[in-house]
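Below is one structure; the comments refer to it alone.
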Amino acid sequence: ARAAQSDQMWLPLLQAALCLALIFALVGAAGLCAAAVMAVMAVANNRGFKHIFASQKELMRHRDRRLETLTEALTNIRIVKLCGMEADVHAAVSAWRARELAELTRFQLGVAALISFITAGPKLASLSTFLCFTLALGRTVTPAVAFTMLALLSALEDSFVALPAAVDALTRAV
């Protein structure tokens, strides 16, 4: 199990380095466009994941507080009924539920934005690389270059999606 975990730490780094080297060998300086776009995407993905984890933690805090309030009310249901405090308990539970739902909405919107960003990254890298290759370098995209480049960018995408977790694991191991 530890060997598999250690492989998850260094394999994305190796895969990214190899893919970038092959991209530079294939398209030359236009590979800088792919590298730049993927680097920006990796930083943005890392920030997006941090935002989602923080939002999830806050969501759990609101959920726990709502459940604590509800549990306290159910434990003391006789006193609540005897004193006619049902409306107060309902208002307290409803307030925590409203906070929980607002945080859940924020969490889900963050997940949707991150998935969209992760999905758009390789397409932007492909587009920018092909534009640099044709417009800046004045070269023609042949089918061999196009399909090879798309395959390399797909492999690069996989490594850049796994890269933030790999870097985090490496920093925790050291």
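The values are calculated or read from the model by the stated rules, or taken from the named source; none is laboratory data. Nothing here was measured: the structure is a model prediction, and the numbers come from that model. Positions of Cβ are backbone-derived with ideal geometry, glycine not excepted, and every protein chain shown enters the neighbour counts. Keep in mind that these areas ignore ligands, DNA and RNA; they rest on the heavy atoms of the full protein, side chains included. Shrake-Rupley method; radii C 1.70, N 1.55, O 1.52, S 1.80 Å.
Listed values, structure above:
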{"read-out": "Region 129-154 - residue that is surrounded by 17 or more Cβ atoms within 10 Å (Cβ to Cβ) and under 22 Å from the mean Cα position of the chain (by Cα) and, of those, modelled with the highest pLDDT", "value": "152"}
{"read-out": "Residue list for region 96-109, filter: closer than 10 Å to residue 59 by Cβ, of a type outside the set (A, V, I, L, M) and open to solvent by less than 60 Å² (accessible area, probe 1.4 Å)", "value": "100, 103, 107"}
{"read-out": "When residues of region 48-85 are limited to those that are at pLDDT 90 or above, closer than 30 Å to residue 111 by Cα and among the charged types (D, E, K, R), the one surrounded by the most Cβ atoms within 10 Å (Cβ to Cβ)", "value": "66"}
{"read-out": "Residue selected from region 1-43 under the condition among the β-branched types (Val, Ile, Thr) and modelled with pLDDT of 90 or more, by the criterion nearest to the chain's Cα centre (by Cα)", "value": "23"}
{"read-out": "Some residue of region 35-50 being assigned to a helix (DSSP H, G or I), within 30 Å of residue 94 (Cα to Cα) and in contact with an Asp or Glu (Cβ under 8 Å, 6 or more places away or on another chain)", "value": "no"}
{"read-out": "Whichever residue in region 30-47 is within 14 Å of residue 126 (Cα to Cα) and of a type in the set (Gly, Ala, Ser) and, among such residues, is surrounded by the most Cβ atoms within 10 Å (Cβ to Cβ)", "value": "34"}
{"read-out": "Search result, residues across region 84-105 that are among the basic types (Lys, Arg) and out of contact with any helix residue (DSSP H, G or I) (no Cβ under 6 Å at 6 or more places or on another chain)", "value": "none"}
{"read-out": "Near pairs, Cβ below 6 angstrom, 6+ apart or cross-chain, from region 110-126 (surrounded by 13 or more Cβ atoms within 10 Å (Cβ to Cβ)) to any residue that is hydroxyl-bearing (Ser, Thr, Tyr)", "value": "110/55"}
{"read-out": "Check on residue 17, open to solvent by less than 70 Å² (accessible area, probe 1.4 Å) and either under 26 Å from residue 136 (Cα atoms) or of a type in the set (D, E, K, R) (or both)", "value": "yes"}
{"read-out": "Whichever residue in region 39-84 is free of Cβ contacts under 8 Å to residues at least 60 places away in the same chain and of a type in the set (Gly, Ala, Ser) and, among such residues, is nearest to residue 161 (Cα to Cα)", "value": "39"}
{"read-out": "Selected residue (only one of 154, 159, 128, 116 is part of a helix (DSSP H, G or I), at negative phi and in contact with a Pro (Cβ under 6 Å, 6 or more places away or on another chain))", "value": "159"}
